[in-house]
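Following: one structure in structure tokens, then a few remarks.
The values are calculated or read from the model by the stated rules, or taken from the named source; none is laboratory data. Computed from a predicted model, the values in this text were never measured in an experiment. All Cβ positions, even for glycine, are placed from backbone atoms using ideal geometry, and neighbour counts span all protein chains on display. SASA here: full protein model, heavy atoms, side chains in, ligands and nucleic acids out. Shrake-Rupley method; radii C 1.70, N 1.55, O 1.52, S 1.80 Å.
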Amino acid sequence: MEWSIMEARTIPFTDSWKKKLQTANTLQGFDLMQLDAQFGIFIGEEVKAWMEEKKIKADLIASHGHTVFHEPGLHFTTQVGSGAQIAALTGIDTITDFRQADVAHGGQGAPLAPVADRDLFSGYDGYLNLGGIANISIQLPDQNWKAWDIGPCNQVLNFLARKKGLPFDEGGKVASSGSIIPEIVEQLKKYFPPTSGNAFSLSNANVQKTWLDDLEHSQVNVQDLLASTSEAIVQLILDHLVSVRQTPTTILATGGGAHNSFLLQQLNSYGKNKFYTFDKPDDLLIDFKESLLMAYLGYLSFYSKPFGIYSVTGATHDSIGGAYHKAIR
């Protein structure tokens, strides 16, 4: 497989869209379906404008959408962003709903990244995604692979940064200025103990009921909360790693959290004592790895190749996910 990121753009959400997506889990059925269509229209219009500006036309659109509910234990996961609307507006076949097939086979519907990580970024022992939630895929001593969600990450750090009027804590500067409070670190860590590599998928609701609820009611200043939360994230990641692999390990770190130099510094500082090294790729890959992942999953789905791997999701079988929406020819 050969690949390159030829054109890429991040389109910021307006405050209105941020509010709609952040509160989507509170909507009644009719309003949720309306949001699904509206968000699909938004994506379709933005993609169409981008392609017209760049004078390109894609062969296929792969769109993950925005996760509203993720409850594999109850046999469902829900992402909004209608693929039919995207296909209609762009005139390009569109694939959505990448997680449902794995959930239907008893899996967690996550993580989906291991297939792309192994195929597109060879040479590493593991792949750490520092996104809203931290998750990892790693090769075990027996050469098998495991992947799972570790615990909250940027979702909580950004929540705290907003208390200081910041969209996020750039470079971890605020966190690095605070003091670590061990009691807070231990309280946060206890919610997500090591799983020994067993499939585990963390929902936004889990994050809200644990870390966010605890931190929302804390009387501690924001700097110290950011410092303590960052410390909890680092310790959790290393605790989870130690539970499955205790040999020299080189890990590719991506996701928005890879821009957090304080977080990466702490991971490498603590990790070197346990033989873990965390590599940061160039900014282009950090910013658009998720887009690359979805493009690759779209490719696999189109050619009927499995990407829901049962050994990492906990499903009964490998699965080929994706709902295919044909554009008018």
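Which residues does the label zone of Glu183 cover in the range 198-235, counting backbone N under 11 Å from a point 7 Å along Cα→Cβ? The answer is 219-220. Using a ≥ b ≥ c from the Cα gyration tensor of the range 4-80 (square roots of the eigenvalues), is it rounded, prolate or oblate, where a/c under 1.5 gives rounded and otherwise the larger of a/b and b/c decides, a/b for prolate? The shape class here is prolate.
Report the calculated FRET efficiency for Arg329 and Leu284 (r = Cβ-Cβ distance, R0 = 51 Å), to the nearest 0.05. So, using R0 = 51 Å, E works out to roughly 0.90. What residue among Gln34, Gln85, Gln235 shows peak mean-square fluctuation when the chain is described by a Gaussian network model with Cα springs under 10 Å? Of Gln34, Gln85, Gln235, the Gaussian network model singles out Gln34 as fluctuating most.
Taking every protein chain into account, the accessible area of the chain amounts to 49 square angstrom per residue (probe 1.4 Å).
Lysines within cross-link reach of Lys57: Cα-Cα under 25 Å, excluding same-chain residues under 8 positions apart? Of all the lysines, those that pass the test against Lys57 - Cα under 25 Å, at least 8 places apart if same chain - are Lys48, Lys289, Lys305, Lys326. Extension gain, Ile11 to Lys57, is 14.7 nm, computed as 0.36 nm per intervening residue step minus the present C-alpha separation.
Once the chain from Asp119 to Asn221 is taken as fully extended at 0.36 nm per residue, the excess over their C-alpha distance is 32.3 nm. Of the three principal axes defined by the Cα atoms of the chain, the extents in descending order read 60, 46, 40 Å. Computed on the Cα trace of the range 233-329, the radius of gyration divided by the Kirkwood hydrodynamic radius gives Rg/Rh = 1.09. Using a probe of 1.4 Å on the protein chains alone, the accessible area found for Ser304 is around 80 Å². Springs between Cα atoms under 10 Å define the GNM used for the chain, and in it the highest mean-square fluctuation of Lys190, Lys280, Lys19 occurs at Lys19.
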